[in-house]
1. May I ask you to verify whether Leu153 is part of a helix (DSSP H, G or I) and either of a type outside the set (S, T, N, Q) or within 25 Å of Ile45 (Cα to Cα) (or both)?
2. Before we move on, is Ala72 within 20 Å of Gln147 (Cβ to Cβ) and within 16 Å of the chain's Cα centre (by Cα)?
3. Just for region 225-253: of the residues that are within 22 Å of Val50 (Cβ to Cβ) and part of a helix (DSSP H, G or I), which one is modelled with the lowest pLDDT?
4. Which one of these is modelled with pLDDT of 95 or more and either within 16 Å of the chain's Cα centre (by Cα) or not assigned by TED's automatic domain parsing to the domain that holds Val264 (or both): Leu175, Leu153, Leu186, Leu203?
5. Identify, please: which residue in region 45-67 is part of a helix (DSSP H, G or I) and in contact with a Pro (Cβ under 8 Å, 6 or more places away or on another chain) and is, among those, surrounded by the most Cβ atoms within 10 Å (Cβ to Cβ)?
6. All but one of (1) closer than 23 Å to Leu126 by Cβ; (2) touching a residue at least 12 places away in the same chain (Cβ under 8 Å) hold for Asp299; which doesn't?
7. So how many residues does region 102-150 have that are in a helix (DSSP H, G or I), exposed (fewer than 14 other Cβ atoms within 10 Å of the Cβ) and either among the aliphatic types (A, V, I, L, M) or not assigned by TED's automatic domain parsing to the domain that holds Ala23 (or both)?
8. Just to check your reading of the model, which residue among Ala281, Ala263 is assigned by TED's automatic domain parsing to the domain that holds Ser181, modelled with pLDDT of 90 or more, in contact with a strand residue (DSSP E or B) (Cβ under 7 Å, 6 or more places away or on another chain) and closer than 21 Å to Arg252 by Cβ?
Amino acid sequence: MRMLALEVSRSALDEAVIVSEEAPDLAPGQVLMAVEQLALTANTITYADVGETFGYWDFFPATLGTRGRIPAWGFMRVAASTLPDIPVGRRFYGYVPIATHFVAEPKQIGTEGFVDASPHRTHFSLFYNYYSQCRMSAGGDNQEPLQALLQPLFMTGFLLEDYIDEKEAWGGSQLILSSASSKTALAVALRAKARASLKVVGLTSSANLAFAASSGAYDQLLTYEQAGALDLEPAVLVDMAGDPDLVARIHRHLNTKLKQSLAVGGTHRAGGSSSDVGFEAVQPSFFFAPAQSEKRSADWGPGEVERRFAAAWAEDVAMAEKWLRVVRHDGPDAVLAIYRHMLTGKADPADGHILSLAASSVS
């Protein structure tokens, strides 16, 4: 059996190819997972952008050391197995490569799922290594595309908003989110709007202003060109755009009114780093969702992060269904095309892209 995978140059993400290789013989304790559908979002591109720094290239080894396989979130079924507890045909949700197949080494197998304990993944957080079992057959749940597209981003948004609230917003009264039309920014905004303790301000491009407004997630929206009109009141900045010039402009404008500056993602892919620019008041810091998840698991007790997120997810996904349009891309040519389009940063924020490298995907 032949397997296909998207591989990209680690140093030039626009250099992408589809590679084909023979399925491996499984060692004892391994399973071969067939990827049915996965989500391609701006967050997926961020995994590649920071792949070297945060080790995202290590999840799914490529055929060449100079290339990488970008991780994403999606649904899969067991295509071959050496484990009686994980039979062929069983379906799971979790971290997958943009590929038709990958090999996992399940441990801690339970009724709800398993942990991939492949040696090259053991140093990663459970946030990425856990695979949850699906109760329905392929195509039996039309919520699956929404789960693949939004659930990881909304979990990040849930944890980020919780982190800000835990710190009492460092004394701020407004929360400013760049890339306001991005799904992670919307997730943070929806949670903050529900808590109603901060004014939620979004910054976006003029092209995406109407979409961001239609989400109902923001108290105020400005274009990037209007960043100098931000209210001079105590603020927390969450930068999703990854644009160091924009971050520097906001820092200079707010000056001592800026109480915290957090970096999450990089939808603009502008290059450079906001840390390259000197700031007098606050230095930007990076938010890492798995660390907050692990902290809250210790604070709240087993299963409580998942319970609280499930309640938030039920509310927020109902809002998202009003503005998200699922678009499918099947086969190698279609996958390459949408990947390259996503690199431009010009994708319509209303579109949620579901991919399958196989000739046809789950409908």
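The values are calculated or read from the model by the stated rules, or taken from the named source; none is laboratory data. Predicted model, so just to flag it, every value in this text is computed and none were measured. Please note: Cβ atoms are built from the backbone with ideal geometry, for glycine as well, and neighbour counts cover all protein chains shown.
1. On the way: part of a helix (DSSP H, G or I): yes; either of a type outside the set (S, T, N, Q) or within 25 Å of Ile45 (Cα to Cα) (or both): yes.
Yes.
2. Working: within 20 Å of Gln147 (Cβ to Cβ): yes; within 16 Å of the chain's Cα centre (by Cα): yes.
The answer is yes for Ala72.
3. Filtering region 225-253 for residues that are within 22 Å of Val50 (Cβ to Cβ) and part of a helix (DSSP H, G or I), the one modelled with the lowest pLDDT comes out as Pro244.
4. Values: Leu175 fails: either within 16 Å of the chain's Cα centre (by Cα) or not assigned by TED's automatic domain parsing to the domain that holds Val264 (or both); Leu153 fails: modelled with pLDDT of 95 or more; Leu203 fails: either within 16 Å of the chain's Cα centre (by Cα) or not assigned by TED's automatic domain parsing to the domain that holds Val264 (or both).
One residue alone meets the criteria, Leu186.
5. The first filter runs over region 45-67 and keeps only residues part of a helix (DSSP H, G or I), leaving 45-49, 51-54, 56-58.
Imposing the further condition that a residue be in contact with a Pro (Cβ under 8 Å, 6 or more places away or on another chain) reduces the set to 47, 56.
Values: Tyr47: 19, Tyr56: 22.
Per the stated criteria, the residue is Tyr56.
6. (2)
7. If we filter region 102-150 for residues that are in a helix (DSSP H, G or I), which is where we start, we get 119-121, 126-129, 144-150.
Filter once more, keeping what is exposed (fewer than 14 other Cβ atoms within 10 Å of the Cβ): 119-120, 126.
Checking the rest, the ones that are also either among the aliphatic types (A, V, I, L, M) or not assigned by TED's automatic domain parsing to the domain that holds Ala23 (or both) come to 126.
Within region 102-150, residues that are in a helix (DSSP H, G or I), exposed (fewer than 14 other Cβ atoms within 10 Å of the Cβ) and either among the aliphatic types (A, V, I, L, M) or not assigned by TED's automatic domain parsing to the domain that holds Ala23 (or both) number 1.
8. Working: Ala281 fails: modelled with pLDDT of 90 or more.
Answer to the selection: Ala263.
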